[in-house]
Structure formats: structure tokens, C-alpha cells
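The values are calculated or read from the model by the stated rules, or taken from the named source; none is laboratory data. Worth saying up front: this structure is predicted, and the values here are computed from it rather than measured. Note: ideal-geometry Cβ built from the backbone for every residue, glycine included; neighbour counts use all protein chains shown.
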Amino acid sequence: MEVLIRDNSDIGCVLGAKIIARVVREKPDAVLGLATGRTPLRLYQELIRQHREEGLDFSRVTTFNLDEYVGLPATHDQSYRYFMRESLFRHINIDQKRTHVPDGTAADLHAECRAYEQKIIDIGGIDIQLLGLGRNGHIGFNEPTGSLRSRTWVKILSEQTLRDNSDVFGSLEKMPRHALTMGIGTILDARRVLLVAFGPAKVRAVEQMVEGPLAGICPGSALQLHPRATVILDENSAAGLHYADHYRWIDRHKLAWQKYD
Ligand code: GLP
């Protein structure tokens, strides 16, 4: 796992955008796995800036989002389909038909999960999967103790996740209790994964993910199995790491072709 610690989330998000933009420049028909949540917003703003000011071209790019709440239609302002349209898709030249978000309103949710997996396989897999990290260590909506080999499935949201995400819904009662999410196995199949986690609220989850044992209790720790996982942190989220100096050392001694900034 490559751990990159930056001074603040702004610098971290610009770096994350640079990594994704490089994938798109090298492979114009890249398949991007995307994430929602507050953390990647600044990263998306930077991708939009690069599109507007530097001609970053998304016309042949395909995207697959990690997850969606069960029961929320695309028109609901808290659905992840809506979030992606407002935060990224409508600001760049992406073909909307190439953007995929699981359909939380599907009559047969299991069939929707299977079809989502198949679509990812049919296109040849995901080139780079962006991830955030839940305070309880979840990735996508894979809550603690779920299978580390899961495929896209229906998950029951934990109380902690409901509390963490309820502010944007107005109250906890208005929140869906279930979500469709790529499984951890689906995420690990991406050719590359890029996780961003900032701020003091993520300190314990980051410590467990990077330095804890590989364990279902911290779904993010599954990234330890991935041959090409990059984690971008700020000083706050990295504060609990015992080997922070080691990660900084590695970062400083990279060969020219291994450097991002
Ligand atoms: C949600 C999403 C996750 C996201 C997490 C963290 O539960 N399903 O994909 O990583 O929240 O969100 P935030 O970045 O807002 O802290």
C-alpha cells in the first residue's frame, strides 16, 4: 500500500485528481470507478478545472459508481446519481450513457446487483477505483464484518453510518436503511485503487486500514491485498499512524517515474 501524507486535504485532493487525470490522458477510454461523500468533492472540482482549463477530455471515459441508497430515485437530491450529476458529470464532457450508478429503485435488487457486476466485466474492468473511507472503516457501503470477497450486493447500513450521513437528510428517520454497493471483491478487481481520507474523524479507521490486521471488522484493510493501492491522507487523518515517518521516507526517495508531484 502506497501511503501519501500531505499537509492538508486541499493538496491531497489536487494530487488525487492528478493521478486520475493521468490515467485518462494515457487511456482516453479509461474506466473510472467513482465515489461519493464529502471527501472527493474537492478532487472532482480539480478534475472539472482541468477539463475547462487544460482540455482534460472525458468524451470516451466510462464510469461506475460504488453505491446507491435503496429506494432513492435519480431525481432525489440525496441520491448518489444526483450527487454525481451535480458534483461532476454535468460540468465535464462525459457521455451520460457511459455513467453508471446502481439503480436503488430496481424492482429486483439482486438482479440489479448481478447486472452491475456483469456490466463491469463486459467493459473489461475498472482502471482506477476512487474510494473514500467511512468513520467505521467502510469502503463503498461495505460495513464492518461483511465478506472480504463480496460482489455487488444489498447491504444494511450500520447505525454509525446512518448517524454520519444523516445531516444531509435533515434527520436520521428520513434516511434509507439499505444500499446497493460494489462488494469488496469487486473493488479489489480494479486494476488500481485510490483512497482519500482526511480529517481527525478518520484517524482510527485510517490506522486500522493501513497498519491493522487484514480483518472484516475494518473493510478498508482489504486494500492491503491489492497490488496497486494508493492512500492519500492529510496530517490529521494520518495522526494515528505508527510508521508515518517510514511512509514519508519512502515518498521522498521515489524514483522519478514513481513521483506524482
Ligand atoms: C458514504 C459512502 C462512502 C464514503 C463515506 C465517507 O457512506 N458510501 O463511499 O466513503 O460515506 O463519506 P465522507 O467522505 O463524507 O466522510
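Return yes when Arg151 is more than 11 Å from the ligand (Cβ to nearest atom), under 19 Å from Ala35 (Cα atoms), in a loop (DSSP other than H, G, I, E, B) and of a type in the set (Lys, Arg) and no when it is not. Answer is yes for this residue. The set of residues in the range 188-211 being of a type in the set (A, V, I, L, M, F, W, C) and in a helix (DSSP H, G or I) consists of Leu188, Ala201, Val203, Ala205, Val206, Met209, Val210. Please tell me if Gly37 is at positive phi and surrounded by fewer than 15 Cβ atoms within 10 Å (Cβ to Cβ). Judged against the criteria, Gly37 is not a match.
I'd like the full set of residues that are out of contact with any strand residue (DSSP E or B) (no Cβ under 6 Å at 6 or more places or on another chain), away from the ligand (no atom under 12 Å from the Cβ) and of a type outside the set (Gly, Ala, Ser), limited to the range 179-199. Result: Thr186, Leu188, Asp189, Arg191. Name the residues in the range 7-40 that are under 18 Å from Asn236 (Cα atoms), part of a helix (DSSP H, G or I) and within 16 Å of the ligand (Cβ to nearest atom), would you? Correct list: Ser9, Asp10, Gly12, Cys13, Gly16.
A quick yes/no check of all residues on (1) of a type in the set (A, V, I, L, M); (2) in a loop (DSSP other than H, G, I, E, B); (3) surrounded by 14 or more Cβ atoms within 10 Å (Cβ to Cβ):
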| residue | (1), (2), (3) |
| --- | --- |
| Pro102 | no, yes, yes |
| Ile121 | yes, no, no |
| Gly124 | no, yes, no |
| Thr161 | no, no, yes |
| Asp167 | no, no, no |
| Thr186 | no, no, yes |
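Yes or no: Asp29 among the charged types (D, E, K, R), modelled with pLDDT of 95 or more and buried (at least 18 other Cβ atoms within 10 Å of the Cβ)? Answer is no for this residue.
Against the criterion of being within 13 Å of the ligand (Cβ to nearest atom), more than 16 Å from the chain's Cα centre (by Cα) and among the acidic types (Asp, Glu), Asp167 qualifies. Whether a residue is outside any helix (DSSP H, G or I), basic (Lys, Arg) and near the ligand (Cβ under 9 Å from one of its atoms) was assessed, and Arg135 passes this test.
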